[in-house]
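Since the structure comes first, as structure tokens, the remarks are kept for the end.
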Amino acid sequence: MILFDGSYRLGRYTRRASRHRNAQMPSWRICIMDLSADTPDVRHLRPIVVHVTQRPDSAPPAPCAECMGDRILRDFGLDPEKVLWIEQDPDSPHRFRVALFRPKGLFGTQTLYAVKWRPIQANERSLLQRFVPEAGRPAV
């Protein structure tokens with residue numbers, strides 16, 4: 001079951017930055033899927049899959065997990081221990097990597113995360129392509 005399929009963009013935080021209309025901020029297509037809703041009889045270690053692809057009209061490539069991962073986790077109320085975060089390389093659409101979030105500290109009541117990367121495994125790739133068929137297809 002798809003919980004969200006849309007765009008996320010880093011916002012402009014200063015008045016001065018908003019004057020520069022041509023300055024592009026990184027933006028990503030985010031698709032959040034709940035595996036437990038699709039197969040309730042199966043218990044998943046990481047039942048939430050977050051698939052991220054940087055938009056082609058966006059600023060130079062930037063990893064979403066490192067820029068906005070904590071914000072997306074917070075906005076959707078996702079537990080990082082139960083999330084499989086998969087990012088697609090914008091320069092090579094067949095290359096994926098998985099982000100692992102580890103708490104590194106607190107900033108007030110907000111938890112900050114360190115991100116560690118690993119290559120995607122074959123079973124994770126096939127799972128992703130079941131929900132997002134265009135994942136892994138060459139960009140046109």
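Values in this text are rule-based calculations from the coordinates and carry no lab data. Keep in mind the model is a prediction, meaning the values are calculated, not measured. In this analysis, Cβ positions are derived from the backbone assuming ideal geometry, glycine residues included, and neighbour counts consider all displayed protein chains.
Residues 36, 27 in ascending order of nearby Cβ atoms (within 10 Å, fewest first): 36, 27. Sorted fewest first by neighbouring Cβ atoms within 10 angstrom, 67, 31 come out as 67, 31. At q = 0.13, 0.27 Å⁻¹ the log10 of I(q)/I(0) for the stretch 83-140 amounts to -0.43, -1.09, computed by Debye summation with a single uniform scatterer per C-alpha, solvent ignored. Each of 34, 70, 57 was scored by other Cβ atoms within 10 Å of its Cβ. Listed from fewest to most, they are 57, 34, 70.
Kirkwood hydrodynamic radius, computed over distinct alpha-carbon pairs, for the stretch 35-140: how many Å, to one decimal?
On the way: mean 1/r = 0.0674 Å⁻¹.
Kirkwood radius, the stretch 35-140: 14.8 Å.
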